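The values are calculated or read from the model by the stated rules, or taken from the named source; none is laboratory data. Given the structure is predicted, the values throughout are model-derived calculations rather than measurements. Every residue, glycine as well, gets a Cβ built from its backbone with ideal geometry; the counts of neighbours run over all protein chains shown. Note: accessible area is taken over every heavy atom of the protein model, side chains too, but ligands, DNA and RNA are not part of it. Shrake-Rupley method; radii C 1.70, N 1.55, O 1.52, S 1.80 Å.
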2 protein chains.
Amino acid sequence: MKFNPISLEALKALSAMVGPEHVVLPAATADMLRYTHDETEDLRFEPEVVLKPANATEIGLIMKFCHENFIPVTPRGAGTGLSGGALALHKGVILSTERLNRILDIDERNLQATVEPGVITQVFQEAVIARGLYYPPDPSSRGSCFLGGNLSQSSGGPRAVKYGVTKDYVLNMEVVLPTGEITWTGANVLKNATGYNLTQLMIGSEGTLGIITRIVFRLIPYPPQNLVLLVPFRKEEEACAAVSKIFMAGLVPSALEFMEREAIEWADRYLNFTIARPADERAHLLIELDGNEMEQLYKDAERLYAVLEQFDVGDILVADTEKQKNDLWQLRRNVAHAVKANSIYKEEDTVVPRAELPALLKGVKEIGARYNFKSVCYGHAGDGNLHMNIVKAGMSDEDWNNKLQEGIREIFDLCVRLGGTISGEHGIGLVQRPYIGIALNEVQLRLMRGIKNLFDPHGILNPGKIF
Amino acid sequence: MKFNPISLEALKALSAMVGPEHVVLPAATADMLRYTHDETEDLRFEPEVVLKPANATEIGLIMKFCHENFIPVTPRGAGTGLSGGALALHKGVILSTERLNRILDIDERNLQATVEPGVITQVFQEAVIARGLYYPPDPSSRGSCFLGGNLSQSSGGPRAVKYGVTKDYVLNMEVVLPTGEITWTGANVLKNATGYNLTQLMIGSEGTLGIITRIVFRLIPYPPQNLVLLVPFRKEEEACAAVSKIFMAGLVPSALEFMEREAIEWADRYLNFTIARPADERAHLLIELDGNEMEQLYKDAERLYAVLEQFDVGDILVADTEKQKNDLWQLRRNVAHAVKANSIYKEEDTVVPRAELPALLKGVKEIGARYNFKSVCYGHAGDGNLHMNIVKAGMSDEDWNNKLQEGIREIFDLCVRLGGTISGEHGIGLVQRPYIGIALNEVQLRLMRGIKNLFDPHGILNPGKIF
């Protein structure tokens, strides 16, 4: 694709569309800075301009103009992404949705909500919980990420194991196409057999097919009770193997998170916590059960204990208070931050059928031993979604820069061999793009590129991402 | 599109691909008959030939040949569809998946199953229940319909209200594209953020984008206990209104079915049942609660009663025995058959946000009064998915043939005005095709046609369906 730089005239036209107070230029160094990176390692790309439109109409004007003038547009939510999807690789416009931040309607009669994409996930969750309703998807960044970004990646989080990921809660979306046209993708209904599923095609497309301007979510009744347990295992593989057994016992926990010893150790230190743990533990499962009645949860817990007894586990910590529960969740949510604070790292977002977790974990350690990198693994074991922070450790700078990618390639090859794929919830974006051919064959890529070309004939929307 | 008739030479080539014993020709009247219709009203279309391939490789050869020779191909499962999707509108080949009928694997460790598309839904359900697992989607035709057909329409059924529809259980599919290429659509994982969601694009595409040859489903633990209740209401609107209230009370029933008085009366008579009902009832809700423990279900039932007490309901029938439960479900599953046995009819598959059901029901009756048709309404009220059998009643033949479509158009207009759409689970196929413009705008249609053209550049796969 051949793009045009933004001329002074174009800049004037674009500024007029949003109002000059909603434009950020590179000269405004401090303001611009936060639009040059996301949460992906240490990547930095500066756009020519940041535009902050107020609504779909303004976005439509911007897109039409950029389409006609071959100016690249990179949509951006809160910039919490982990694959570089919101970075202006080809310069041009960063289109921030931060001003589209209203919860428009919480419809208790229909258990639906209509929101703009710039609403922070946790703000939305709390607003619906206040009505006794539940929006389960909860990525670790939920305190700062936007719902629109969650849709772009089909974000998951710990509760996905019972409740599904973002895509499972979206009924309908208003989107602005790369050509500037505005349309809804479906209808506000729980079942829809009317034409192709444009809603699900758009979700997880990483801002390459359109810009989401409204979202209709389905909600469910809020389960008010929960039990949180931290279970130490003396063998990593047993912690992974227990995951399958828990489901086979008929239990569906609302979270089932795996943390290697080092993950919990680093997070513990990072947060200045001192969670009691046996000295010989190698990994933990953080397990949450939820429901309407405590009595039922205690019964479920008994079943769970019966499963765990089959493994070599240490003393199980049952969180007694809300504070203890929060501490355990803080620990889990801060693993990545703790690793980041400790070392240069790269984060991978592998996913396999859940019973293949022990094989994946073992394989990653073997690969690490050969390449001389360390890996700190944790994540949504109930979904088979294992995050791995690859830490520089003993690797030389040269190896880190040049050889590591071969090791990552081996990890992804292993995932695919095990029936999995290379991203479970972080997306491909920029950083996994070189590896896409491991997960997708030529036929799939041809179809996806064809869809991209259909939606975005000038290729201006988020160019250089996914493929 | 311009298609070619099948020449004698082409017939020879196609027959050789599947073996002559797996070919049905029009001359074989009795064998051919069942491929000329589905369950949609009284439509009849005879193909030039029926081919029954054994596997994806054979299907790939057929598709490549038909693609190159511009011969239309209509894929067909069990022929239980209600929108004419499996009918050979443009003649050519009917490609039956009936020989791809193996359950290839039930993977208890991963709670997944791999099947071929010609497996009967109920056969699959029973096979997984025998392992303590559950595949919830259960269209009324589950005793005869194929899983491949269920995917083509994203079928629902009563349990969708709690468990979701077919699309929510499909992890991955092997498909043969219209050009003959064979590919998987995704990976065997619960979360996938790797490229566009081809799996969900293919589901519900009514056999217009590819032919499904393998399906990987996710399964869940089987909830062994349930309670089934039949609740009579003295006002139809109250039965509809109660549906929203049940969810707002924090309950998620595993089924929540609405039946107008006449629906239950006709089914009762058709089955020769005598279910006790108050004389003044106008509608019923059939409610099922499920879970692991009866004790919990009794508690849920208490909550449910507290909601129902707010309405003018008659004596609630609680099914005590398995036979009583089966009878109630038989009643529900046979409404359409009962109507069919009584009168000429057309069936519509409307869907709206669930709190709009009273408005939809009222509107349909008003429209019927103006056009002089009768409607027997029933369906998945928990999902806002109301089936309506439009019965000829006092309409003249001329009005039935010429004016009814205006009435149907009014019903669909109403659905869309209420935030809904024109098909919840039956698909558009042939019979709803004239109405597609009510539900989809020009932008959506252009994108869908573009996708169709990308997958099927010669337009040979299931031509004349959807749009």
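Summary table below
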read-out: Residues (assigned to a loop (DSSP other than H, G, I, E, B) and either in contact (Cβ under 8 Å) with a residue 60 or more places away in the chain or open to solvent by less than 80 Å² (accessible area, probe 1.4 Å) (or both)) located in region B:15-38; value: B:Gly19, B:Leu25, B:Pro26, B:Ala28, B:Tyr35, B:Thr36, B:His37, B:Asp38
read-out: Qualifying residue in region A:293-306 (condition: buried (at least 19 other Cβ atoms within 10 Å of the Cβ) and in contact with a Pro (Cβ under 6 Å, 6 or more places away or on another chain)); value: no
read-out: Hits in region A:58-88 - residues which are surrounded by fewer than 24 Cβ atoms within 10 Å (Cβ to Cβ) and more than 20 Å from the chain's Cα centre (by Cα); value: A:Glu58, A:Gly60, A:Leu61, A:Ile62, A:Lys64, A:Phe65, A:His67, A:Glu68, A:Asn69, A:Phe70
read-out: Matching entry among A:Phe373, A:Phe467 (being within 25 Å of A:Met259 (Cβ to Cβ) and among the aromatic types (Phe, Trp, Tyr)); value: A:Phe373
read-out: Among (1) of a type in the set (A, V, I, L, M, F, W, C); (2) farther than 24 Å from A:Arg34 by Cβ; (3) in a loop (DSSP other than H, G, I, E, B), the one test that A:Val161 misses; value: (3)
read-out: Residues within region B:411-458 that are more than 7 Å from every other protein chain (Cβ to nearest Cβ), part of a loop (DSSP other than H, G, I, E, B), open to solvent by 10 Å² or more (accessible area, probe 1.4 Å) and farther than 30 Å from B:Asp138 by Cβ, tallied; value: 2
read-out: Filter result (open to solvent by less than 10 Å² (accessible area, probe 1.4 Å) and under 21 Å from the mean Cα position of the chain (by Cα)) within region B:39-57; value: B:Thr40
read-out: Residue in region A:240-271 that is nearest to A:Asp349 (Cα to Cα), counting only those that are over 26 Å from the mean Cα position of the chain (by Cα) and not charged (D, E, K, R); value: A:Met248
read-out: Top-ranked residue of region B:1-45 - restricted to ones that are touching a Phe, Trp or Tyr at 6+ places or on another chain (Cβ under 8 Å) and among the charged types (D, E, K, R), ranked as farthest from B:Lys452 (Cα to Cα); value: B:Glu41
read-out: Region A:260-292, residues that are buried (at least 19 other Cβ atoms within 10 Å of the Cβ) and of a type in the set (A, V, I, L, M); value: A:Ala263, A:Ile264, A:Ala267, A:Ala283, A:Leu285, A:Leu286, A:Ile287, A:Leu289
read-out: Inter-residue pairs, beta-carbon under 7 Å, first over 21 Å from A:Arg433 (Cα atoms) and in region A:343-360, second of a type in the set (Lys, Arg) and open to solvent by 30 Å² or more (accessible area, probe 1.4 Å), 6+ apart; value: A:Ser343/A:Lys392; A:Ala355/B:Arg109
read-out: When residues of region B:164-181 are limited to those that are under 29 Å from B:Phe65 (Cβ atoms) and facing chain A (nearest Cβ under 8 Å), the one surrounded by the most Cβ atoms within 10 Å (Cβ to Cβ); value: B:Leu177
read-out: Residue in region B:116-127 that is in contact (Cβ under 8 Å) with a residue 60 or more places away in the chain, under 23 Å from A:Leu447 (Cα atoms) and within 19 Å of the chain's Cα centre (by Cα) present; value: yes
read-out: Output for region A:380-406, where each listed residue is assigned to a helix (DSSP H, G or I) and farther than 18 Å from A:Glu262 by Cβ; value: A:Gly382, A:Asp383, A:Asp397, A:Glu398, A:Asp399, A:Trp400, A:Asn401, A:Asn402, A:Leu404, A:Gln405, A:Glu406
read-out: Test: residue in region A:106-115 that is away from every other protein chain (no Cβ under 14 Å), over 17 Å from A:Ser205 (Cβ atoms) and modelled with pLDDT of 95 or more; value: yes
read-out: Residues satisfying the stated conditions in region A:105-136, i.e. among the β-branched types (Val, Ile, Thr), open to solvent by 20 Å² or more (accessible area, probe 1.4 Å) and not in a strand (DSSP E or B); value: A:Val123, A:Ile129
read-out: Residues of region A:307-325 satisfying the condition of being open to solvent by less than 30 Å² (accessible area, probe 1.4 Å) and closer than 19 Å to A:Lys235 by Cβ; value: A:Val307, A:Leu308, A:Gly314
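Residues checked against (1) under 23 Å from the mean Cα position of the chain (by Cα); (2) of a type in the set (Gly, Ala, Ser):
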position: A:Asn402; (1), (2): no, no
position: A:Leu414; (1), (2): yes, no
position: A:Gly420; (1), (2): yes, yes
position: A:Gln444; (1), (2): yes, no
position: A:Leu454; (1), (2): no, no
position: A:Gly464; (1), (2): yes, yes
position: A:Phe467; (1), (2): yes, no
